[in-house]
Amino acid sequence: MPRATKASKTPSKKCGQKRANNAQPAESPTSIVALLQLKDNSLLQYGLSRGTIEKYKLRLAQGGEWLEGQVELENKNIEPDQGRPWTLDQLKRAFDMTQNEISAQILSIFIAHMCFSINLGKSTAEQIHAAFKWWWSQ
């Protein structure tokens, strides 16, 4: 004779779902500013280390200085028939927080400059790439 199944006293959970034992309902809605601060603190605690962020900021600053120099050169040597694939305004804004059409191309030129003109290594190229990826993902 087949055995009867026992009725469960607790509702069944879907596979993979866990219930937090320490979850507390929020007393009041949290402000966006407080949530952003919490996110930044969590990133520092669990995501990127302070040293990594400092190195990223260094590479971003170096990129900004290099880009300013390139914009000055473009201002001096601007000739309409040279066939540049960007406008001067696009070049000025290539490393802004919001990417534009030429950001990736200018970033690759900056990485090439750092690696081949200044003779820095592959790890520097990876650092620069990671720094700008982090910058544009914020």
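Since every read-out is calculated from the coordinates, none of them should be taken as a lab result. Just so we're clear, the structure is a prediction, and the values are computed from it rather than from any experiment.
Here, segment 79-138 yields an orientationally averaged convex hull projection of 4.6 nm² when only Cα atoms define the hull. Could you derive backbone 3J(HN,Hα) for segment 82-95 from the dihedral phi with the Karplus parameters 6.51, -1.76 and 1.60 (θ = phi - 60°), listing whole Hz in sequence and x where the residue is Gly or Pro? Values per residue, Gly and Pro as x: 7, x, 6, x, 8, 8, 5, 5, 4, 5, 4, 9, 5, 9 Hz.
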